[in-house]
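**Student:** Starting off with a structure, shown below.
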Amino acid sequence: TIDKEPIKANCSEYLNNILTNHMLTNIFAHIKLAPIGQVILPNCHPFTKLDNKNRTWVLIHSGIIFESSLLKNYENIINKNTDSEKIIHYIIDKVNEFENEKG
């Protein structure tokens, strides 16, 4: 399950409810200041993508990628507001390319 909210973690009733009322064995959280871009749901981490073998990959990262020529082919993806979404598309394309070459 992937849940996202574009609000401060300490203001989230939803997150508070999950942490206090559910037994969790594993959880990944990405809570950070958004230095650029809008604080809206489509910009929230994590980003996921299926590879050619139907495996789901998940990307959570902090940082900013500026004007990378490696990402130029990913300008027309659904949400252009984050470098993170472009990065996961690039990585999965490389995974698929490698697996196609190596069989």
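The values are calculated or read from the model by the stated rules, or taken from the named source; none is laboratory data. Here the structure is a predicted model, which is why all the values come from computation and not from measurement. Because the Cβ atoms are built from the backbone with ideal geometry, glycine has one as well, and the counts that use them run over all protein chains shown. Areas reflect the complete protein model, heavy atoms only, side chains present, ligands, DNA and RNA absent. Shrake-Rupley method; radii C 1.70, N 1.55, O 1.52, S 1.80 Å.
**Student:** Consider only pairs whose beta carbons are under 7 Å apart and that are at least six residues apart or on different chains; among these, list those whose first residue lies in segment 60-71 and is free of Cβ contacts under 8 Å to residues at least 60 places away in the same chain and whose second residue is surrounded by 10 or more Cβ atoms within 10 Å (Cβ to Cβ) and part of a loop (DSSP other than H, G, I, E, B).
**Tutor:** Partner pairs satisfying both residue conditions: Ile60/His30; Ile60/His45; Ile60/Pro46; Ser62/Lys32; Ile64/Ile36; Leu71/Ile65.
**Student:** For segment 81-96, give me the residue count where each residue is open to solvent by 60 Å² or more (accessible area, probe 1.4 Å), outside any loop (DSSP other than H, G, I, E, B) and either touching a Pro at 6+ places or on another chain (Cβ under 8 Å) or polar (S, T, N, Q) (or both).
**Tutor:** Residues in segment 81-96 being open to solvent by 60 Å² or more (accessible area, probe 1.4 Å), outside any loop (DSSP other than H, G, I, E, B) and either touching a Pro at 6+ places or on another chain (Cβ under 8 Å) or polar (S, T, N, Q) (or both): 0 in total.
**Student:** Another one. Taking the options Ile78, Ile65, name whichever one is at pLDDT below 85, exposed (fewer than 12 other Cβ atoms within 10 Å of the Cβ) and within 23 Å of Pro6 (Cβ to Cβ).
**Tutor:** Ile78
**Student:** Let me ask something additional. Please list, ordered by first then second residue, the pairs with beta carbon atoms under 7 Å, 6 or more apart or interchain, first in segment 80-101 and closer than 19 Å to His45 by Cα, second surrounded by fewer than 18 Cβ atoms within 10 Å (Cβ to Cβ) and aromatic (Phe, Trp, Tyr).
**Tutor:** Lys86/Tyr74; Ile88/Trp57; His89/Tyr74; Tyr90/Tyr74; Ile92/Trp57
**Student:** One residue is enough: does segment 54-61 have a residue meeting the conditions within 26 Å of Lys8 (Cα to Cα), β-branched (Val, Ile, Thr), in a loop (DSSP other than H, G, I, E, B) and open to solvent by 100 Å² or more (accessible area, probe 1.4 Å)?
**Tutor:** No, every residue in segment 54-61 fails to be within 26 Å of Lys8 (Cα to Cα), β-branched (Val, Ile, Thr), in a loop (DSSP other than H, G, I, E, B) and open to solvent by 100 Å² or more (accessible area, probe 1.4 Å).
**Student:** Among the numbered criteria (1) exposed (fewer than 14 other Cβ atoms within 10 Å of the Cβ); (2) charged (D, E, K, R); (3) under 12 Å from the mean Cα position of the chain (by Cα), which single criterion is violated by Glu99?
**Tutor:** All conditions pass for Glu99, except number (3).
**Student:** I would also like to ask the following. When you scan segment 8-51, how many residues do you find that are of a type in the set (Val, Ile, Thr), without any contact (Cβ under 8 Å) to a residue 12 or more places away in the chain and part of a loop (DSSP other than H, G, I, E, B)?
**Tutor:** 2
**Student:** Hey, could you check segment 1-53 for residues that are among the polar types (S, T, N, Q), more than 16 Å from the chain's Cα centre (by Cα) and at pLDDT 85 or above and say which is most open to solvent (accessible area, probe 1.4 Å)?
**Tutor:** Filtering segment 1-53 for residues that are among the polar types (S, T, N, Q), more than 16 Å from the chain's Cα centre (by Cα) and at pLDDT 85 or above, the one most open to solvent (accessible area, probe 1.4 Å) comes out as Asn10.
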